[in-house]
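> Once you've had a glance at the structure underneath, I'll fire off some questions.
Taken together, the values in this text are just the output of simple stated rules run on the coordinates, not laboratory data. The structure displayed is predicted, hence computed values, not measured ones. Every residue, glycine as well, gets a Cβ built from its backbone with ideal geometry; the counts of neighbours run over all protein chains shown.
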């Protein structure tokens, strides 16, 4: 019985840990919640006449991540984008340019060197898998220097810059990555993900394609965590933990009485 109780205790602790992580990241842009998965464990008891399967408690399988789309929050930011549909933005760390990472967090910033980056310095990549750099000034046909006055991101990912008096340029297109199974991506912290054999290799495409979603400028995607659901799961897991703990204590007390 102690073995069964211990497995139930471990399952409750695992559920509490998973739900706690969801609640802690409920306000994180683009965060994707996880769900614990369990299965029953069985042993075989034999009395030489017949073998019967007996319950041995709960077995922890894994935590399955849900990539269901979160709701959109309007920010009005010129560089903020949300993805309506399939796909993840492609980014990389400058210090590890060979390693691509993927995110649904479209809070884009303009760095001092003109690159489009995240708040922690990840570079957003174009459909050519290169960092997108915005020129702060250009020369017009008369040789006059024109300063950057506006940046717009269109639904198809086109990054358009304006330098006044009708001088506009399409600098690049933001890229999206598509996967065979997004739920098999490996979390890399701060809502970044890495490709795995289970997820399949990324297919780098432009937004508004046959399968890829469209960008919504001026919006950010909130987490897909429903606080009410998570609190209900937390209460259920805590009740399970409390019940199994009492069961284990009762078992220990019985053993002590018979051995004393």
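> From the helices alone, meaning DSSP H stretches of at least four residues, give me the mean residue ellipticity at 222 nm for the chain, per-run term -39500 (n - 2.57), in deg cm²/dmol to the nearest 500. Mind dumping the intermediate values first?
Working: 2 runs with 56 residues, N = 260.
Computed mean residue ellipticity for the chain: -7500 deg cm²/dmol.
> Next up: How much length would be gained if the chain were fully extended between residue 72 and residue 144, taking 0.36 nm per residue of separation minus their Cα-Cα distance, in nm to one decimal?
On the way: separation 72, 0.36 × 72 = 25.92 nm, distance 4.13 nm.
Length difference between fully extended and current span is 21.8 nm.
> Also, I was wondering about something else. For region 72-221, place one equal point scatterer on every Cα, skip the solvent, and apply the Debye formula. What is log10 of I(q)/I(0) at q = 0.12 Å⁻¹?
Listed by q, the Debye log ratios stand at -0.49.
> Another question about this same structure. Could you tell me the distance between the Cα centroids of region 68-112 and region 165-240, to the nearest Å?
Distance between centres, Cα-based: 8 Å.
> When DSSP assigns beta bridges and you keep just the ones with both residues in the chain, what percent turn out antiparallel, to the nearest 5? Don't skip to the answer; put the middle values down first.
On the way: 52 of 53 bridges.
Taking every DSSP beta bridge within the chain, about 100 percent pair in antiparallel fashion.
> Here's another thing I want to ask about it. Using a 7 Å offset from the Cα along the Cα-to-Cβ direction at both residue 152 and residue 229, what is the distance between the two label points in nm, to one decimal?
Placing both labels 7 Å beyond Cα along the Cβ direction yields 3.7 nm.
> Here's something else I'd like to know. To the nearest 10 degrees, how steep is helix 2-24 against the longest Cα principal axis of the chain, on a 0 to 90 scale?
Once rounded, one gets 20 degrees.
> What's the FRET efficiency of residue 162 with residue 23 using the Cβ-Cβ distance as r and R₀ = 45 Å, to the nearest 0.05? Working shown, then result.
Working: r = 42 Å, r/R0 = 0.94.
Plugging the Cβ-Cβ distance into 1/(1 + (r/R0)^6) gives 0.60.
> Now for a different question. Can you order the peptides 18-26, 182-190 by their average number of other Cβ atoms within 10 Å per residue, highest first?
18-26, 182-190
> Determine the shape class of region 118-167: with a ≥ b ≥ c the square roots of the Cα gyration tensor eigenvalues, call it rounded for a/c under 1.5, and otherwise prolate if a/b is greater than b/c, oblate otherwise. Intermediate results must be reported in sequence, preceding the final value.
Details: a/c = 2.31, a/b = 1.92, b/c = 1.20.
Verdict is prolate for region 118-167.
> Give me the angle, in degrees from 0 to 90, between the Cα long axis of helix 227-259 and the longest principal axis of the Cα atoms of the chain, rounded to the nearest 10.
Result, in degrees: 30.
> Given the chain, what whole percent of its Cα pairs are spread farther than 22 Å? All intermediate terms of the calculation are to be shown ahead of the outcome.
Values: 21809 of 33670 pairs.
Counting every Cα pair in the chain, those more than 22 Å apart make up 65 percent.
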